[in-house]
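J.: The structure's right below; bear with me while I get my questions together.
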Amino acid sequence: MKYNPVQNYINGKFVDVSSRRTLDVISPIDGKLLSKVPMSTAGDLDLAVRSARSAFLKWSRMPIKERVQVFYQYKYLLEKYLKELSELVSEENGKTINEAVAEVEKSIELTEFACSLPQLVTGEVLEVSRGVECRTEHVPLGVVASIVPFNFPNMVPNWTIPNAIALGNCMIIKPSEKVPLSCGRMAQLLKEAGLPDGVFNIVNGDSEIVEAICDHPEIEAVSFVGSTKVAKIVYQRATGNFKRVLALGGAKNHLMVLPDAKADMTAQNVAASMSGCAGQRCMAASAMVGVGNVDHIIDKICDEARKIVPGKNLGAVISKEAKERIEKYITEAEKQGAKILVDGRNARVEGKENGAYVGPTVIDYVKPEMAVAKEEIFGPVISIMRTKSLDEALEIENSNPYGNAASVFTQNGGLARYVIDHASAGMVGVNVGVPVPREPFSFGGWNESKFGVGDITGKSSIEFWTKLKKSTTKWNPEAGVNWMS
């Protein structure tokens, strides 16, 4: 075992949990044991909540310009330890080192945005009548929780940590039990950056802790990122306990490719979108709709896919179970009549035979009713459907229950605008394979890709992590009784 057993982080210290139940933390790169993660109980969560509540009294009263000083320092530490943090992400998640570096760099950008919050939450003031003033201000909620997935061990926690805490809340984070190491290292950096004890806490565990978070009466808000199935459960359970909830689910992102698209650029973008992070991202292209004759572009996509080699420029999927599930989708599509143009099944990496690898896979002549066309595969697989018109392509995109992202590849500005107007997705790209907005623009999908109001990052997140206080003051007794009395 390379690392010490994982512990919870409560009130500025790493502590053991009350349960002896643990799970192995396995590196998908080579199947080696990295650590063991404890399965906390509701009692362990309660300790974290009490710590956070105690810290909230002082932290929430600190001016925001003082609170963000911690995140200026945290940003510096993320930059200082970029290499170490990236290697840890790669080790526990399986992505390539370049992908891991890009992930930590995005965390730095997210933290940079949090440092700008004093300029964005100034509130408003207006003299509404002579001598009478109305004012609004953003007030923190209290103790909040963030439940994060395995696919971005560093970035997704930083979707919530900097903004929620800079805005005055105290946080409990529940990492994925598959990748708990990165969150523990971030806790150390936050403490080094000057964050007071109790403001940030980690409670490790499985579904028992997720349920306990949803039920705990002193947790005011919950954010969740994961599958749509679990997002629905979290949203229903937590809102049923009168909490504010933002739950991000899965996706099935469609790339619509028109015959006039720049072939080389399109092929490179499509291949990178479907295979980046081994396809384990909710913004990955997993479905392509070719409009008209796009055979010349599909040929180039296959050429680009063959340049992507497991263990070199393609990382592992999270587990052997995930590998089996992904390959089952490919085999099922083949049996149903789809044509496998590039086959990534049975991938092996020399010297890492116990790793979990799936090669890039391109499947053509997929029908919209097939599972590979409808369901989130979460692997380096793209399913190609063919239509005669753009409206048919949009009908396929619109009929899918998800709504995270959609893109169109074309040189026709009018058709691009048509797709932007008609795609049923919260994030749309034109000649962009992964249309993730940069800060300060927010991240969030539609339909069954998101449950709750607002987005998890950017300016939109301010409304989620705060409540608005309105005050009215009157300093003119000579006005007598009026409409304000």
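J.: Leu88 - would you say it is modelled with pLDDT of 95 or more, surrounded by 24 or more Cβ atoms within 10 Å (Cβ to Cβ) and in a helix (DSSP H, G or I)?
T.: No: the conditions fail for Leu88.
J.: Can you name the residue in the range 122-141 that is surrounded by fewer than 18 Cβ atoms within 10 Å (Cβ to Cβ) and closer than 21 Å to Phe71 by Cα and, of all such residues, is modelled with the lowest pLDDT?
T.: Thr122
J.: Hey, any hits in the range 259-269 for a residue that's surrounded by fewer than 18 Cβ atoms within 10 Å (Cβ to Cβ), within 24 Å of Asn398 (Cα to Cα) and either more than 21 Å from the chain's Cα centre (by Cα) or small (Gly, Ala, Ser) (or both)?
T.: Yes, the range 259-269 contains a residue that is surrounded by fewer than 18 Cβ atoms within 10 Å (Cβ to Cβ), within 24 Å of Asn398 (Cα to Cα) and either more than 21 Å from the chain's Cα centre (by Cα) or small (Gly, Ala, Ser) (or both).
J.: Return the residue satisfying two criteria in turn: it lies in the range 6-29 and is surrounded by fewer than 17 Cβ atoms within 10 Å (Cβ to Cβ) and touching a residue at least 40 places away in the same chain (Cβ under 8 Å), and of such residues it is farthest from Asn151 (Cα to Cα).
T.: Lys13
J.: Are any residues in the range 18-41 in a loop (DSSP other than H, G, I, E, B) and among the β-branched types (Val, Ile, Thr), and if so, which ones?
T.: Passing the criteria: Ile29, Thr41.
J.: So, in the range 409-425, exactly how many residues are touching a helix residue (DSSP H, G or I) at 6+ places or on another chain (Cβ under 7 Å), crowded, with 19+ Cβ neighbours inside 10 Å and part of a loop (DSSP other than H, G, I, E, B)?
T.: Adding up the residues that qualify gives 2.
Residue-by-condition table, conditions (1) part of a loop (DSSP other than H, G, I, E, B); (2) among the hydroxyl-bearing types (Ser, Thr, Tyr); (3) surrounded by 22 or more Cβ atoms within 10 Å (Cβ to Cβ); (4) in contact (Cβ under 8 Å) with a residue 24 or more places away in the chain:
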| residue | (1), (2), (3), (4) |
| --- | --- |
| Asn151 | yes, no, yes, yes |
| Ile165 | no, no, yes, yes |
| Ser182 | no, yes, yes, yes |
| Ile209 | no, no, yes, yes |
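J.: Looking only at residues in the range 223-244 that are among the hydrophobic types (A, V, I, L, M, F, W, C) and in contact with a Leu (Cβ under 8 Å, 6 or more places away or on another chain), which one is surrounded by the most Cβ atoms within 10 Å (Cβ to Cβ)?
T.: Of everything passing the filter in the range 223-244, Phe224 is surrounded by the most Cβ atoms within 10 Å (Cβ to Cβ).
J.: Give me the pairs: first residue in the range 427-452 and free of Cβ contacts under 8 Å to residues at least 24 places away in the same chain, second residue hydroxyl-bearing (Ser, Thr, Tyr) and surrounded by 16 or more Cβ atoms within 10 Å (Cβ to Cβ), beta-carbon distance under 8 Å, and six or more apart or on different chains, which are they?
T.: Correct list of pairs: Val428/Ser407; Val430/Ser407; Val430/Thr410; Ser442/Thr457; Ser442/Ser460; Ser442/Ser461.
J.: What about Lys229, is it at pLDDT 95 or above, of a type in the set (Lys, Arg) and either closer than 23 Å to Ile318 by Cα or assigned to a loop (DSSP other than H, G, I, E, B) (or both)?
T.: So Lys229 passes the test.
J.: Follow-up. If you take the residues of the range 296-322 that are under 23 Å from the mean Cα position of the chain (by Cα) and crowded, with 23+ Cβ neighbours inside 10 Å, which of them is nearest to Phe409 (Cα to Cα)?
T.: The residue in question is Leu314.
The values are calculated or read from the model by the stated rules, or taken from the named source; none is laboratory data. On a predicted model such as this, the values are computed, not experimentally measured, just so you know. We place every Cβ from the backbone using ideal geometry, glycine too, and count neighbours over all the protein chains shown.
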